[in-house]
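Below is one structure, written out as structure tokens; comments come after it.
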Amino acid sequence: MNFVYEKLMGGKAGFTGFVILAVLILLVFPLFLDVFRLNLVGKYLTYAFPAVSLVLLWGYGGILSLGQGIFFGLGGYAMAMFLKLEASSPENTAIQSTPGIPDFMDWNQLTELPWFWVPFESFTFTLIAILVVPAVFAYLIGAAMFKRRVGGVYFAIITQVIAVILTVLIVGQQGFIGGINGITDLRTLHGWDITSDSAKMIFYYVCCFLLLAVVVVGRFILTSKFGSLLLAMRDKEDRVRFSGYDVSNFKIFIFCIAAMFSAIGGAMFTLQVGFMSPSFVGIVPSIEMVIFCAVGGRMSLIGAIYGTLLINFGKTTFSESFPQLWLFLMGGLFIAVVMFFPNGLAGIWQSYSHYITGPLARLKSSLIKGPAARGAVKLSEDVG
């Protein structure tokens, strides 16, 4: 029990924050929001996966990646390819010149399914690919960079360049992966209508549980010896290297973990929104993910989720209410948080959480002492 409380929950403050987050996304939002708004919140929560991954990678590891959109997009495209193949059955595409292939392939005069699409006819393979493909890609990038001790601003710029290259590559492959339009018109999952209200509700809860699981896994990593080494590498990398540790392997490992977390978010985005396009792979979404992490607090897994929700709620509210000014208001919101709360929303929680945890601790103590006190009184009466 102590292992769960300390290692997975992060102690009293961490456990309280985790419970509050779980109650908010699993109970409060579904009770007070309609299906449309709840699906919108679900989309926001998919962005929280790469934000949480940046806490591990940037906050604790000191590795600023401006390319998390790469892995978000890879996970999203993997899921979109499976859904598109299901939607492109010979019966559904009978009017095409070549039935049985996605519509954009037919428009570009392809006559057969490309070889790299064929494995995505299997849902099991797709689920494995969502995790493995981004991890392998992250390993290749990490091994090429970290083995040569490339880090800091140079690594950030390189990841940004890779995001641009991948976006251009996707846009240029109109016939193979949909090009600028992306993969659209995704309707069913094993014959189940994913556009229905019930499906949107189920996907929302699946996304929430996966996000909470990612937070638990992240906390386990950070509270382990590896988490201590991450902090040591961030602050004194040379000292860790001189102590006999292979710093590059540790960096590659956490980069691959962050890639898998981001890819899970991309896959859930595809399921909840119903499409995937190169606009979620490039520089802009990757920088936004860094902003989500910074606003929430780059040293807090849960703070990154709140930062994601705050920025995206602000974006939606300002764009609906002030269509001419919303970009300026979003900039003002970000500047205000950074200026007045340099540790992000997590810093606010650290400063004022005792107002919540204190009463809860006293309530717990009274609940424990209450029965014991009544038992002592009864015992004294029996003895008397």
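The values are calculated or read from the model by the stated rules, or taken from the named source; none is laboratory data. This structure is a prediction, so every number in the text was calculated from the model and none was measured. Counting neighbours? That spans all protein chains shown, and the Cβs are built from the backbone with ideal geometry, glycine included.
Worth pointing out:
- Condition met for LEU212 (under 21 Å from ALA263 (Cβ atoms), in contact with a Gly (Cβ under 8 Å, 6 or more places away or on another chain) and touching a residue at least 12 places away in the same chain (Cβ under 8 Å)): no
- Leading residue by the ranking (surrounded by the fewest Cβ atoms within 10 Å (Cβ to Cβ)) among those in segment 177-236 that are assigned to a loop (DSSP other than H, G, I, E, B), charged (D, E, K, R) and at negative phi: LYS236
- Any hit, segment 114-123, residues being among the small types (Gly, Ala, Ser), surrounded by 14 or more Cβ atoms within 10 Å (Cβ to Cβ) and modelled with pLDDT of 90 or more: no
- Checklist (1) part of a loop (DSSP other than H, G, I, E, B); (2) closer than 30 Å to SER248 by Cβ; (3) of a type outside the set (Asp, Glu) applied to THR93, failing item: (2)
- Meets criteria (loosely packed, with under 12 Cβ neighbours inside 10 Å and either more than 18 Å from the chain's Cα centre (by Cα) or modelled with pLDDT under 90 (or both)) for PHE32: yes
- Selection of segment 237-264 for residues being part of a helix (DSSP H, G or I), more than 15 Å from VAL55 (Cα to Cα) and of a type outside the set (Val, Ile, Thr) yields GLU237, ASP238, ARG239, ARG241, PHE242, SER248, ASN249, PHE250, ALA263.
- Annotation: of all residues in segment 265-291 being assigned to a helix (DSSP H, G or I) and either hydroxyl-bearing (Ser, Thr, Tyr) or touching a His at 6+ places or on another chain (Cβ under 8 Å) (or both), the one that is farthest from SER196 (Cα to Cα) is SER286.
- Considering residues of segment 292-309 that are aliphatic (A, V, I, L, M) and touching a helix residue (DSSP H, G or I) at 6+ places or on another chain (Cβ under 6 Å) only, the residue farthest from ILE194 (Cα to Cα): MET299
- Residues satisfying the stated conditions in segment 37-88, i.e. assigned to a helix (DSSP H, G or I) and on the phi > 0 side of the Ramachandran plot: none
- Residue within segment 135-152 that is surrounded by 14 or more Cβ atoms within 10 Å (Cβ to Cβ), more than 24 Å from MET233 (Cβ to Cβ) and hydrophobic (A, V, I, L, M, F, W, C) present: no
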